[in-house]
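First the structure, in the form of structure tokens, and then the observations on it.
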Amino acid sequence: MTRPPPTAADVDAARTFIGQHLAPTPLVASESLSKRLGCDYRVKCESFQPVGAFKVRGALNVVGHLSDEELARGLISASTGNHGQAMAWAGTRFGASVVIYAPAEGANPAKLEAMERLGAEVRRHGRDFDEARVEVEEVARREGRRYVHSANEPELIAGAGTMAVEILEAAPDTEVILVPVGGGSGAAGTCLVAKARNPAIEVIGVQSSAAPAVWRAWTQRRLDVEAEMGTSHEGLATRVPFQMPLQILWRLLDDLVLVDDGEIEEAIRWYARDARLVAEGAAAAPLAAAARLGERLAGKRVVGVLSGGNLPLDYYAGVLAGGGDG
């Protein structure tokens, strides 16, 4: 049976529950980035989470509300990394075994190792996230595990929305929130909170132009879209849109912009140099969008969601070395 999307009240309930397990993450004002961008730019540092990414919020809210019978059957999901780490962490916290399917090709080895360290059994399948996800749906039926979708879960979206609650508690004068879009749970949860508290707040999603599935679905107002998936940033690497986040984004999201992978890598360097923060590709996408939007954000109070800081050290070193003095 299809469940309805969550509401702002569900996010408030998730905040109460999650607050028993997770401390709020910092909202950092960056003088250097603000000067560079021409706006008052603040960073929501989800890289400070126990698994280094915002995904732990949704996983915790899902797993923490499962029945004893569901927990006993064990959990299964698909992930390129951060969702899988979050599921492993939450499963351990609530005593459930966790199986994560990851792509057999191009997966982030640091994230796979982290999932295993956190207690998950990692299985490899397919070329990308979406092929792994299709396999998981069949395996879940065969093994009887509780399948946790990485986006089509009301509790997951509500949990993700709690980062927006924290943003607006710390900075109620926020005018624009920039949030990365992979599957869309973070953007959907942010929309629920922002529009309930102050409809004038702009929520702008950001996706890679090399993986524009959600952008196409959002602009065309339909789910049956075709899109390439060529980004190297796994947090943005989805080939298909998901129904539940899109139901919210169609109704509440103000804009969805595309940035290219080169812009994202430049934003990774800006975070390191100007703010002393480590940002993976998806997490740097909002900063890349802020640079691209330029005059549209001039003088405004803007928050960029740094959604995670999990990236291989050799890749990170290469990105930092490739930027010259810019």
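The values are calculated or read from the model by the stated rules, or taken from the named source; none is laboratory data. Predicted, not measured: the structure shown is a model, and the values here were computed from it. Positions of Cβ are generated from backbone atoms using ideal geometry, with glycine treated the same way; all protein chains shown enter the neighbour counts. In case anyone asks, the SASA skips ligands and DNA or RNA and just uses the protein heavy atoms, side chains included. Shrake-Rupley method; radii C 1.70, N 1.55, O 1.52, S 1.80 Å.
Residue count for region 1-41 satisfying the condition of being farther than 21 Å from Ala196 by Cα and modelled with pLDDT of 95 or more: 20. Within the bounds of region 279-297, is there any residue that is assigned to a loop (DSSP other than H, G, I, E, B) and closer than 25 Å to Ala114 by Cα? Yes; the residues of region 279-297 include at least one that is assigned to a loop (DSSP other than H, G, I, E, B) and closer than 25 Å to Ala114 by Cα.
For region 146-177, the set of residues classified as outside any loop (DSSP other than H, G, I, E, B), open to solvent by less than 40 Å² (accessible area, probe 1.4 Å) and hydrophobic (A, V, I, L, M, F, W, C) consists of Leu156, Ile157, Ala158, Ala160, Met163, Ala164, Val165, Ile167, Leu168, Val176, Ile177, listed by residue number. Scanning region 1-38 for residues that are without any contact (Cβ under 8 Å) to a residue 12 or more places away in the chain, assigned to a helix (DSSP H, G or I), out of contact with any strand residue (DSSP E or B) (no Cβ under 6 Å at 6 or more places or on another chain) and of a type in the set (Gly, Ala, Ser) returns a single hit, Ala9. Looking across region 232-273 at every residue that is modelled with pLDDT under 95 and charged (D, E, K, R), the one that is most open to solvent (accessible area, probe 1.4 Å) is identified as Arg239. Is at least one residue of region 218-227 closer than 21 Å to Ala284 by Cα and buried (at least 21 other Cβ atoms within 10 Å of the Cβ)? No - not one qualifying residue is present in region 218-227. When you scan region 314-325, do you find a residue that is touching a Lys or Arg at 6+ places or on another chain (Cβ under 6 Å), assigned to a loop (DSSP other than H, G, I, E, B), surrounded by fewer than 24 Cβ atoms within 10 Å (Cβ to Cβ) and not aromatic (Phe, Trp, Tyr), even just one? Within region 314-325, one or more residues are touching a Lys or Arg at 6+ places or on another chain (Cβ under 6 Å), assigned to a loop (DSSP other than H, G, I, E, B), surrounded by fewer than 24 Cβ atoms within 10 Å (Cβ to Cβ) and not aromatic (Phe, Trp, Tyr). Against the list (1) touching a Ser or Thr at 6+ places or on another chain (Cβ under 8 Å); (2) under 15 Å from Asp40 (Cβ atoms), the condition Leu287 fails is (1).
Residues in region 274-300 that are open to solvent by 60 Å² or more (accessible area, probe 1.4 Å) and either within 22 Å of the chain's Cα centre (by Cα) or on the phi > 0 side of the Ramachandran plot (or both): Arg276, Val278, Arg292, Gly299. Among the residues of region 61-112, those that are over 18 Å from Arg145 (Cα atoms), open to solvent by 30 Å² or more (accessible area, probe 1.4 Å) and not acidic (Asp, Glu) comprise Ala104, Gly106, Pro109, Ala110.
Only residues that are out of contact with any Asp or Glu (no Cβ under 7 Å at 6 or more places or on another chain) and open to solvent by 50 Å² or more (accessible area, probe 1.4 Å) were counted in region 124-134, giving 3.
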